[in-house]
Amino acid sequence: MKKLLVYACLLSLLSPVRADTAASPPAAAPAPAADDLSQYKTSDDLWKHIGDQADNLKAGLQNRDLTVKDIIPQIWASIELFVQKYPTDTHIWDVKMLKAQIGPLAAHLEIPKAPTAQQTSQEFEDIATDDKAPKEVRATAASMEIDLAMQTVAQSQQGDTPAWDGIDAKIAAFQKEYAGITLGGQHAVVAMLRSEELGLLKQAGDAARFQSLLKTLSTDALPDVAAMANEQLTAQKQQADLKSKPLDLKYTAIDGTEVDLSKLRGKVVLIDFWATWCPPCREEVPNVVAAYQKYHDKGFEVVGVSLDQSKDALQIFIKGNQMVWPQYFDGKGWGNDISTRFGIDSIPAMWLVDKKGMVVTTDGEDDLAGQIEKLLAQ
């Protein structure tokens, strides 16, 4: 979960800096040996430069390019100069938010002088409580502070009831003050926070608190929150039903292959729900490829369900990574017909199906090779 949170957080949070280009960032360029900031004579010039740096950082993250370690200190220098020279500029809050948002990534990459989680949390809190900041900016900062607090609790205090009580109190206070605020006009922030809280509780193995919170949220006053909770309750039922009968899955793959799970009885099958835009999914690819190459001749198959929206991007990626198994693609992203039918709400999701066609686990990524060997031996 740590990798998922770091990458997903940064890839999405950098987007407000250059919203016009965030959907299609340029290829990461090598960081210059020295960044001469004296050439930027106006706030607009320096702001544009910071935006270019952020684009390069985002592209570097997507491409897993280690030059991001060079880019981050340079962005910090540009931001510090901007704050010093243009404290009343219209972009000052975007700049301050970017600095705070980069903090967790810098710490994750162990960059010298990276802020601690406590320092980053304080930066977000300072913005959230500054009445000079626009309300949407304050809401964003407050939500990021809560997000960071949740990650800290999940990583260092799993099962700590008072700590999770504190998170609930933070979200309740946020909901009271910012119930109608959305980020980018796309997502209800409270629903996003509650969804992440549920995900962290689930990962921590706190089933009792997870189920209690899920039931409470299913009747929440905010429609987005109630809808999110009820979707998860429905997904729970759907996945529970999977273990009562053989899985029914048929599709025509992107390469024209006809996939029918009923015809793979007697084999162990991995169903991989993933996407090329998902960094944790890409990190699992070498493990899946290695398992396929090692066990395919012994009766192991893989079928993919891609949540991509770009067919070209998918085909280029699978060809370049030796993913020779069939892939389902309908271009609907999170609205993917198969993943929606099975209640998939996070990826990667890796299901293992035994020789009888039964789903035996929805956590195939945990010791994939070991689980495959046990199922092949049955």
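General observations
- For region 327-373, filtering for residues that are part of a strand (DSSP E or B) and buried (at least 20 other Cβ atoms within 10 Å of the Cβ) leaves 8.
- Members of region 128-152 that are basic (K, R) and either assigned to a loop (DSSP other than H, G, I, E, B) or in contact with a strand residue (DSSP E or B) (Cβ under 6 Å, 6 or more places away or on another chain) (or both): K132
- Picking from residues in region 240-279 that are part of a helix (DSSP H, G or I) and over 26 Å from the mean Cα position of the chain (by Cα), the one that is farthest from F300 (Cα to Cα) is D241.
- Test for K41: is it not assigned by TED's automatic domain parsing to the domain that holds V285 and not in a helix (DSSP H, G or I): yes
- Any hit, region 56-71, residues being of a type in the set (K, R), modelled with pLDDT of 85 or more and either in the same structural domain as V137 (by TED's automatic domain parsing) or over 16 Å from M97 (Cα atoms) (or both): no
- Every pair of residues 6+ apart whose Cβ atoms lie under 9 Å, when the first sits in region 64-76 and is assigned to a helix (DSSP H, G or I) and surrounded by fewer than 19 Cβ atoms within 10 Å (Cβ to Cβ) while the second is among the basic types (K, R) and at pLDDT below 90: P73/K113
- For region 324-378, taking the residues that are without any contact (Cβ under 8 Å) to a residue 12 or more places away in the chain and of a type in the set (V, I, T), the one that is nearest to K243 (Cα to Cα) is identified as T361.
- Residue in region 116-131 that is farthest from A204 (Cα to Cα), counting only those that are surrounded by 19 or more Cβ atoms within 10 Å (Cβ to Cβ) and under 23 Å from the mean Cα position of the chain (by Cα): E123
- Test: P115 is modelled with pLDDT of 90 or more and more than 19 Å from Q175 (Cβ to Cβ): yes
- Residues of region 77-127 that are farther than 16 Å from K48 by Cβ and not in a helix (DSSP H, G or I): P87, T88, L109, E110, I111, P112, K113, A114, P115, T116.
- Among the residues of this structure, I316 counts as one that is surrounded by fewer than 21 Cβ atoms within 10 Å (Cβ to Cβ), over 26 Å from Q203 (Cα atoms), among the aliphatic types (A, V, I, L, M) and in the same structural domain as W274 (by TED's automatic domain parsing).
- Count of region 197-208 residues which are within 14 Å of S346 (Cβ to Cβ), in contact (Cβ under 8 Å) with a residue 40 or more places away in the chain and surrounded by fewer than 19 Cβ atoms within 10 Å (Cβ to Cβ): 1
- Residue within region 132-143 that is charged (D, E, K, R) and either within 17 Å of the chain's Cα centre (by Cα) or at pLDDT 90 or above (or both) present: yes
- Every condition in (1) free of Cβ contacts under 8 Å to residues at least 60 places away in the same chain; (2) more than 21 Å from L376 (Cβ to Cβ); (3) surrounded by fewer than 22 Cβ atoms within 10 Å (Cβ to Cβ) is met by V305 except one, and the failing one is (3).
- Selected residue [assigned by TED's automatic domain parsing to the domain that holds L307 and at pLDDT 85 or above] from V225, V259: V259
- Screening the candidates Q211, Q175, Q151 for the property of being of a type outside the set (A, V, I, L, M) and touching a residue at least 60 places away in the same chain (Cβ under 8 Å) yields one hit, Q151.
- The residue of region 209-221 that is nearest to the chain's Cα centre (by Cα), among those that are surrounded by fewer than 18 Cβ atoms within 10 Å (Cβ to Cβ) and part of a helix (DSSP H, G or I), is Q211.
- Residue check for A235: assigned to a helix (DSSP H, G or I), touching a residue at least 24 places away in the same chain (Cβ under 8 Å), in contact with a Gly (Cβ under 9 Å, 6 or more places away or on another chain) and not polar (S, T, N, Q): yes
- Selected residue (criterion: farthest from G343 (Cα to Cα)) from residues of region 281-314 that are out of contact with any strand residue (DSSP E or B) (no Cβ under 8 Å at 6 or more places or on another chain) and acidic (D, E): D297
The values are calculated or read from the model by the stated rules, or taken from the named source; none is laboratory data. Small disclaimer: the values here were computed from a predicted structure and weren't measured. Cβ: placed from backbone, ideal geometry, glycine included. Neighbour counts: every protein chain shown.
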